[in-house]
1. Tell me, Kirkwood radius of segment 419-490 from alpha-carbon pair distances, in Å?
2. Can you pull the Rg over Rh of segment 248-369, Cα-only, Kirkwood?
3. Run the numbers for Arg463 and Lys305: contour at 0.36 nm per residue of separation, minus the present Cα-Cα distance, in nm.
4. For a label point 7 angstrom out from the Cα of His512 toward its Cβ, which stretches of segment 393-434 have the backbone nitrogen within less than 13 Å?
5. Assuming a viscosity of 1.306 mPa s and a temperature of 10 °C, what translational diffusion coefficient in µm² per second does Stokes-Einstein assign to segment 284-476, Rh being the Kirkwood radius over Cα pairs?
6. Taking a virtual spin label 7 Å from the Cα of His527 along the C-beta vector, which residues in segment 469-513 bring their backbone nitrogen under 19 Å of it?
7. In debye, nearest 20: dipole of segment 241-343 around its Cα centre with unit charges on the Cβ of K, R (+) and D, E (-)?
8. What is the distance, in nm, between label points placed 7 Å from the Cα along the Cα-to-Cβ direction at Leu259 and at Arg340?
Amino acid sequence: MTILTPTNNTGAANSGLPDEAALNRMASEFFALVPGAAQAATQFLPSFSQGNTPEAPPSARTLVHDSSSAQSKPSVPASGVPQNAGSSIAPSRPQAGGASSSTPYYFVGQEHGYPIADNSLDSLAAQGTGKQSGASAFNVPGQEQLQRILGELYPATSATSAPAQQAGGSATQPAYYFQQGEQDYWDQAPRAANPSLAAPFDINAVRRDFPILAERVDGKQLVWFDNAATTHKPKSVIDRISYFYEHENSNIHRAAHELAARASDAYESARKKLAKFLGAASEQEIIFVRGATEGINLVAQTFGKKFIGAGDEIIVSHLEHHANIVPWQQLAVEKGAVIRVIPVDDSGQVLLDEYRKLLNSKTRLVAVTQVSNALGTIAPVHEITALAHAVGARVLIDGAQAVSHLRVNVQALDADFYVFSGHKVFGPTGIGVVYGKKALLEQLPPWQGGGNMIADVTFEHTRYQPAPARFEAGTGNIADAVGLGAAIDYVERIGLENIALYEHALLEYATHGLKSIPGVRLIGTAHEKASVASFVLARYETAEVGKALNDEGIAVRSGHHCAQPILRRFGVEATVRPSFAFYNTCEEIDRFLAVVRRLANNRK
Ligand code: PMP
């Protein structure tokens, strides 16, 4: 390839290294012109593929660990920008052609010895308000198709509404939204007040942040449409976990030595990030657990055991994942409580009027999902919560499918409990969060006993720590909590508002394509939807569709998605479920639609 011949024109000249900023800019422009060529970037440009802010000076994106320093911390000059002082904290990974290279980063600042990502709005503003030079900002492979489809869907407004039209950082208001109404999460006010939020992201650069997206399956480029099951991890998350084990690993809280301090700082700093991410009033409201499932069980075993008794009622919706059904059933059996279910309409949206009828003075808890994993429905959790509170009931919101797609603010929602899993928001497996209102957590008993959660122990009696330590018995998943903090940094850097807008366009594109294929029946057609396009195809088992897609390297889930009640409500036992994330593209959807169309045309 002779196309990429950068000229040195920045600080990189002194180091004798290629000018990374120029290469990134050229790569973005190059791949913008070659639809579907995003993956080639990781083959040809391994060293320059990680940045999603190509215009930042190389030094701002280079994190290098000074292994010679006494405390093994990166050296940080007065500017706050770690300088090249030794080996990269990231292991070189094998690259195409056997070459390996260190990976550029884009961290600035430092936190507890570990350099933190630059998520500042200033930085975003620099990308989105024309201060940048160079790369077009929304190089979506397939953006022409996207614009065409959006033009058909929104004829009156499409000229200014398609994300591709926002390239160059214009603060054009989108003319379409995920949903309207009280729980509208595409909040125009902050977007209008802060034009930087309108900054779209560079899809090619984003994709290069996720090493696994370069994988091939039987020689075919991997397409990952199983994001509702789990999401992939950006390099910054992978590296953050490695850094923890290489430089900070220790148990927390107890020991009085340097590594214990580093590990404790890293863990507690992640808790702070999560509190901010969820809009909690304090980090004391954030409990680390294994995931959403364990979080719901924690609430059942603490709040449920203390406040739910014989004859009391627990309301769930028909949309729930088994994780938000089974723990309540177990509790109901144990306590003699009753489970009541909010029905949904034929689109898969909960029926608020029916819900109102279920509420009464015996209702103790309403436990609902914010986004359905099987249908994609976004439930009106604002109204659900307000109505529950009006009868004195508490509310648990299962945010497992929500936090990666829409901005959540637990205080605005007035949720009593909110749970989610780290692995569905680009973080590690085995870590998740329970948010609980502080005043409520203080009233709850512990659910597991052991170290870390006690204030004092005698053989006669134990005094417990306040929340959150009271609910974190034993050694927690420290490294993955820290990794989850890095995932939150990443998501915040892209901006949930940008993610929501782009994913909405992907969902519209996929839905439009699926509807045009004879024999496709969409399961879940609510107006308010995120990420998921569940369907069945006439005369095919869902597993057959899944296999045909897998043969082309396209990963979707086919099955009951751990949500049997809602699928049975629609008369099916299983669906094919492509689910999208912000690193997916219209090109990938085209590949997916081509397989479904071929199956439909070759009817058995
Ligand atoms: N709730 C919902 C809506 C989910 O989609 C899932 C995972 N599919 C869960 C709860 C459980 O999450 P985890 O398995 O990570 O605990």
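Just so you know, all these numbers are worked out from the coordinates, no wet-lab data involved. Predicted model only: the values in this text are computed from it and were never measured. Every residue, glycine among them, receives a Cβ derived from its backbone with ideal geometry; neighbour counts consider all protein chains shown.
1. Working: mean 1/r = 0.0739 Å⁻¹.
Mean inverse Cα-Cα distance, inverted, gives 13.5 Å.
2. Values: Rg = 19.0 Å, Rh = 16.9 Å.
Rounded to two decimals, Rg over Rh is 1.12.
3. Numbers: separation 158, 0.36 × 158 = 56.88 nm, distance 1.93 nm.
Additional length available on full extension: 55.0 nm.
4. Output list for this probe position: empty.
5. Values: Rh = 16.9 Å.
For these conditions, the coefficient is 94 µm²/s.
6. Hits in segment 469-513 for His527 at 19 Å: 501, 504-505, 507-509, 511-512.
7. Numbers: 11 positive and 12 negative charges, 32 e Å.
Here segment 241-343 has a charge dipole of around 160 debye.
8. Label-label distance for Leu259 and Arg340, simple model: 5.5 nm.
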